[in-house]
Structures are given as C-alpha cells and as structure tokens.
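All remarks here apply to the structure that follows.
The values are calculated or read from the model by the stated rules, or taken from the named source; none is laboratory data. If you're wondering where the values come from, they're calculated on a predicted model, not measured in any experiment. For neighbour counting, all protein chains shown are included, and Cβ atoms are generated from backbone atoms with ideal geometry for every residue, glycine included.
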Amino acid sequence: MLTGFRPAWKAFTDITRGSTTLAELVRNHPLAHRALTALDRRPAGDEVSS
C-alpha cells in the first residue's frame, strides 16, 4: 500500500530505476489505483500549482 512517505519513496525509486512502471504499480496496488482515479476525476481547472 502507498500510505506513507516510505512506501511512496520506494514506489518512486522503483519507477525511476526501471524496476517497475506506473501502470504495474496501479494494477498491483488498489490504493494507487484509487488515487489515480480520484486525480483523473478532478475538474480541469482544479490543478495543483507548485
């Protein structure tokens, strides 16, 4: 599950090192799938600024 900093960091490092892809992560982790779906459902003007 991706619920804290450490699991999120591990997911990030796995993706950047090429040992997994975002698609694999979303397929294998229901919480990641729900988070991506929630972001996808946001209205277009509701973007996060950095």
> With respect to the numbered conditions (1) assigned to a loop (DSSP other than H, G, I, E, B); (2) at pLDDT 90 or above, which one is the sole condition not fulfilled by residue 44?
Replying inline: (2)
> In the range 1-22, which residue that is under 11 Å from the mean Cα position of the chain (by Cα) and exposed (fewer than 10 other Cβ atoms within 10 Å of the Cβ) is modelled with the lowest pLDDT?
Replying inline: 1
